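J.: To start, I am sharing the structure in question, which I have written as structure tokens.
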Amino acid sequence: MKRISNIFAGLVVLVLLLTACGPAPTAVAPKIKVGEVTDMGGVNDKSFNALGWKGVTDAIAQLGIDGKYLESTQQSDYAKNLQQLLTEKEDLIITVGFLLGVDTATAAKANPTQKFAIIDYTYPDCWPGAVEGTDCGSSTDLTNVRGLAFQTDQAAFLAGYLAAGMTKTGIVGTFGGIQLPTVTIFMKGFQAGVKYYNQKHNTTVVVLGWDDATQTGLFTGNFTSTDDGKSFATSLDQEGADIIMPVAGPVGWGSAAYCQTSAKCLIIGVDTDWFVQDPNYASVELSSVQKKIDVAVFKTIQDVVDGKFTGGTVTYTLADGGVDLAPFHNFDSQVPQTLKDEIAQAKADIISGAVTVDGVLQAP
């Protein structure tokens with residue numbers, strides 16, 4: 001019995017020695033923490049905020065990060081929500097859109113080691129006479145802020161070409177929410193696409209709602225009122241437009257509702273694939289100009305995870321898939337194959353540089 005006890009004691013000592021000599025337990029790296037601050041549209045706006053959050057949730061699923069969002073219901077919430085995420089020491093703070101431009105820059109300058117990304121906005125953003133920190137965010141680039149920009153005029157060019165090829169009245173229309181560069185870039189591309197179709201086919205399709213030469217057009221003055229969406233679509237319909245591209249966030253759903261009820265027009269959505277986002281209007285959703293914010297957000301988080309984050313502006317294009325024309329879905333059989341082929345060729349020509357939006361608009 002004593003011999004067995006001695007053997008057991010020896011084994012215990014051996015195990016302890018082996019454990020002591022073995023490698024130390026591997027430390028578990030803390031999860032990357034990402035926080036999103038929405039604008040007043042909220043996280044379920046079916047637009048920028050929702051797409052930004054989708055990028056975060058995709059990163060939660062695929063990269064194993066921790067993610068959260070704070071919704072803003074009034075403008076004073078922006079700075080407060082940013083401060084909360086700073087206090088919680090998020091690795092990356094994502095803000096949504098131009099309304100957060102000043103507050104994001106202010107927080108970034110006060111916290112130079114904190115990483116930020118802002119959707120659809122870039123720095124420097126000041127203009128002559130603007131007061132930095134009040135009218136604009138920063139007069140210089142910010143090395144700890146990545147501005148996520150999108151060459152949406154390229155995809156909108158394809159939408160304009162599609163609209164010109166599908167209109168029955170020879171008149172198409174567009175309108176915006178507020179006259180901002182991130183809005184008018186869609187309208188500019190749309191006008192260029194229609195003009196390019198006219199050049200190719202010797203037609204005279206008319207665009208209502210935007211003239212890039214004079215920088216004038218139709219704007220609701222907001223991104224929230226679906227009633228405005230209905231009234232603007234009604235007016236464009238009365239002027240003969242049978243295909244309408246609203247560039248006004250949720251306002252556009254009011255236009256879709258009008259087109260569906262009246263059966264007089266079709267809609268080209270923006271930002272997301274509207275057919276997927278809200279199939280209730282599938283009967284009038286011809287296509288959409290996609291701004292793949294979720295992809296941009298995911299790639300930014302991936303860079304943080306990989307230690308490759310950089311500030312400055314990153315612009316997404318047709319070439320890298322950051323913008324695109326959505327499928328035709330229920331209208332696929334109604335879009336002639338020749339028109340599909342021409343759109344595909346126009347896309348290839350834009351990617352190669354053989355065709356540019358500005359080049360088409362400046363041509364006689």
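The values are calculated or read from the model by the stated rules, or taken from the named source; none is laboratory data. These figures come from a predicted structure and were not determined experimentally. Glycine gets a Cβ as well: all are built from the backbone with ideal geometry, and neighbour counts include every protein chain shown.
J.: Can you go through GLU71, GLU132 and tell me which one is acidic (Asp, Glu), modelled with pLDDT of 95 or more and over 21 Å from the mean Cα position of the chain (by Cα)?
T.: Selected residue: GLU132, the only one of GLU71, GLU132 that is acidic (Asp, Glu), modelled with pLDDT of 95 or more and over 21 Å from the mean Cα position of the chain (by Cα).
J.: Scan the range 217-242 for residues that are out of contact with any Cys (no Cβ under 7 Å at 6 or more places or on another chain), aliphatic (A, V, I, L, M) and assigned to a helix (DSSP H, G or I) and jot them down.
T.: Matches in the range 217-242: LEU236 only.
A quick yes/no check of all residues on (1) of a type in the set (S, T, N, Q); (2) touching a Phe, Trp or Tyr at 6+ places or on another chain (Cβ under 9 Å):
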| site | (1), (2) |
| --- | --- |
| ALA248 | no, yes |
| ALA257 | no, yes |
| LYS264 | no, yes |
| GLU285 | no, yes |
| VAL297 | no, yes |
| THR300 | yes, yes |
| GLY311 | no, yes |
| VAL314 | no, no |
| GLU342 | no, yes |
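J.: Continuing with this model, one more query. Could you list all residues from the range 179-214 that are surrounded by fewer than 18 Cβ atoms within 10 Å (Cβ to Cβ), touching a Gly at 6+ places or on another chain (Cβ under 7 Å) and among the aliphatic types (A, V, I, L, M)?
T.: The answer is VAL206, and nothing else.
J.: On to the next question. Give the residues of the range 310-354 that are under 30 Å from ILE118 (Cβ atoms) and hydrophobic (A, V, I, L, M, F, W, C), sorted by residue number.
T.: VAL314, LEU318, ALA319, VAL323, LEU325, ALA326, ILE350, ILE351 - these are the residues of the range 310-354 that are under 30 Å from ILE118 (Cβ atoms) and hydrophobic (A, V, I, L, M, F, W, C).
Okay, residues lined up against (1) free of Cβ contacts under 8 Å to residues at least 60 places away in the same chain; (2) in contact with a helix residue (DSSP H, G or I) (Cβ under 9 Å, 6 or more places away or on another chain); (3) not acidic (Asp, Glu):
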residue: LEU92; (1), (2), (3): no, yes, yes
residue: GLY133; (1), (2), (3): yes, yes, yes
residue: PHE150; (1), (2), (3): no, yes, yes
residue: ASP153; (1), (2), (3): no, yes, no
residue: GLN179; (1), (2), (3): yes, no, yes
residue: VAL183; (1), (2), (3): no, no, yes
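J.: So, ASP320, is that one acidic (Asp, Glu), assigned to a helix (DSSP H, G or I) and on the phi < 0 side of the Ramachandran plot or not?
T.: When the stated conditions are applied, ASP320 does not pass them.
J.: Being more than 14 Å from LEU148 (Cβ to Cβ), among the acidic types (Asp, Glu) and surrounded by 20 or more Cβ atoms within 10 Å (Cβ to Cβ) narrows it down to one residue among GLU285, GLU342; which is it?
T.: Only one candidate passes the filter, namely GLU285.
J.: Just name the residue that is nearest to the chain's Cα centre (by Cα) out of those in the range 77-124 that are modelled with pLDDT under 95 and assigned to a helix (DSSP H, G or I).
T.: Step by step, filter the range 77-124, then rank; the result is PHE98.
J.: I want to confirm something. Restricting to the range 245-297 and keeping residues that are hydroxyl-bearing (Ser, Thr, Tyr) and part of a loop (DSSP other than H, G, I, E, B), which single residue is modelled with the lowest pLDDT?
T.: In this case the residue turns out to be THR272.
J.: ALA79 fails exactly one of the following numbered conditions: (1) within 29 Å of GLU132 (Cα to Cα); (2) of a type outside the set (Asp, Glu); (3) in contact with a strand residue (DSSP E or B) (Cβ under 7 Å, 6 or more places away or on another chain). What is the number of that condition?
T.: Failing condition for ALA79: (3).
J.: Any idea which of GLY55, GLY41, GLY97 is crowded, with 19+ Cβ neighbours inside 10 Å, touching a helix residue (DSSP H, G or I) at 6+ places or on another chain (Cβ under 6 Å) and either basic (Lys, Arg) or farther than 16 Å from ARG146 by Cα (or both)?
T.: GLY41
J.: Being touching a His at 6+ places or on another chain (Cβ under 9 Å) and either over 24 Å from GLY67 (Cα atoms) or of a type in the set (Val, Ile, Thr) (or both) is the requirement here; does VAL276 meet it?
T.: Taking the combined requirement at face value, the residue satisfies it.
J.: Still on this structure, I have one more. Looking only at residues in the range 46-76 that are small (Gly, Ala, Ser) and either in a strand (DSSP E or B) or touching a Phe, Trp or Tyr at 6+ places or on another chain (Cβ under 7 Å) (or both), which one is nearest to SER288 (Cα to Cα)?
T.: For the range 46-76, the residue satisfying everything is GLY55.
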